[in-house]
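Peer 1: I'd like to ask you about the structure that follows.
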Amino acid sequence: MAPVTEQQTFRRFERVCDILDENRRAPTRLIPVLQAVQDEYGYLPEEVLNFVATSLGLPSARVFGVATFYAHFSLKPKGKYVVRMCDGTACHVRASDEIFQAMQRRLGLSDAKNTTDDMCFTLETVSCLGACGLAPVVTVNDAVYGQVTKEQAVALIEEILAKETGHAQ
């Protein structure tokens, strides 16, 4: 693998510099900066977080603390389709864990590996999606699916896979 050139490093951080400038390099704008960086990269790369910390004059531990505290932020790349299974009380008592496990099996994922190798799917559980009346609830990116069964959840995955491979009916 060829060493990274100074020009490549500059290009990698050029957009981060723009984001920092748009936020007046103000430490109080840390969350909006991290949101914009994540929108740009799809996640928060470690070297970018260190760069943001230095640029804002903040300790790296504080920046990483914010990035790991909020569920919205991710330190790992996510798939094109982020599937979230609610595991709040209403969803949990309606078998959300079984639904989640069925989706894991279909995608060949586990608790240790939540993103497919092709970066198509990331499968996560969340504490609450705020749609308890629709329990159990699954979201795919911004779309919400309520009163989902194991079969419906797997069919949803199949539908997306068919669309991605060009075999949609």
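Peer 1: Provide a single number: the residues in region 76-112 that are among the β-branched types (V, I, T) and part of a loop (DSSP other than H, G, I, E, B). Steps first, please.
Peer 2: In the first step, residues of region 76-112 are kept if they are among the β-branched types (V, I, T); the result is 82-83, 89, 93, 99.
Subset that is part of a loop (DSSP other than H, G, I, E, B): 93.
Residues in region 76-112 being among the β-branched types (V, I, T) and part of a loop (DSSP other than H, G, I, E, B): 1 in total.
Peer 1: So, one more: Does region 115-158 hold any residues that are in a helix (DSSP H, G or I) and either in contact with a Lys or Arg (Cβ under 8 Å, 6 or more places away or on another chain) or within 13 Å of M103 (Cα to Cα) (or both), and which are they? I'd like the intermediate steps shown before the answer.
Peer 2: Kept after step one, since they are in a helix (DSSP H, G or I), are these residues of region 115-158: 132-134, 150-158.
Answer for region 115-158, where residues must be in a helix (DSSP H, G or I) and either in contact with a Lys or Arg (Cβ under 8 Å, 6 or more places away or on another chain) or within 13 Å of M103 (Cα to Cα) (or both): K150, E151, Q152, A153, V154, A155, L156, I157, E158.
Peer 1: Oh, and also: Exactly one of (1) surrounded by fewer than 13 Cβ atoms within 10 Å (Cβ to Cβ); (2) in the same structural domain as R11 (by TED's automatic domain parsing) is unmet by K76. Its number?
Peer 2: With respect to (1) surrounded by fewer than 13 Cβ atoms within 10 Å (Cβ to Cβ); (2) in the same structural domain as R11 (by TED's automatic domain parsing), K76 is out only on (2).
Peer 1: If you don't mind, another one. Within region 134-146, can you find the residues that are surrounded by fewer than 18 Cβ atoms within 10 Å (Cβ to Cβ), of a type outside the set (V, I, T) and in contact (Cβ under 8 Å) with a residue 24 or more places away in the chain?
Peer 2: N141
Peer 1: Which condition breaks for R84 when tested against (1) touching a helix residue (DSSP H, G or I) at 6+ places or on another chain (Cβ under 6 Å); (2) touching a residue at least 40 places away in the same chain (Cβ under 8 Å)?
Peer 2: All conditions are met except number (1).
Peer 1: I would also like to ask the following. When you check R24 against the structure, is it of a type outside the set (S, T, Y), out of contact with any helix residue (DSSP H, G or I) (no Cβ under 7 Å at 6 or more places or on another chain), loosely packed, with under 11 Cβ neighbours inside 10 Å and at pLDDT 90 or above, yes or no? Even if it seems obvious, please write down each step before you answer.
Peer 2: Details: of a type outside the set (S, T, Y): yes; out of contact with any helix residue (DSSP H, G or I) (no Cβ under 7 Å at 6 or more places or on another chain): yes; loosely packed, with under 11 Cβ neighbours inside 10 Å: yes; at pLDDT 90 or above: yes.
For R24, the condition - of a type outside the set (S, T, Y), out of contact with any helix residue (DSSP H, G or I) (no Cβ under 7 Å at 6 or more places or on another chain), loosely packed, with under 11 Cβ neighbours inside 10 Å and at pLDDT 90 or above - is met.
Peer 1: A further question on this structure: If I19 passes every condition in (1) more than 26 Å from N141 (Cα to Cα); (2) without any contact (Cβ under 8 Å) to a residue 24 or more places away in the chain but one, which one does it miss?
Peer 2: So I19 meets the others, but not (1).
The values are calculated or read from the model by the stated rules, or taken from the named source; none is laboratory data. Treat the numbers as computed from the prediction; the structure is a model and nothing was measured. Cβ coordinates were reconstructed from backbone atoms using ideal geometry, including for glycine residues, and neighbour counts include every protein chain displayed.
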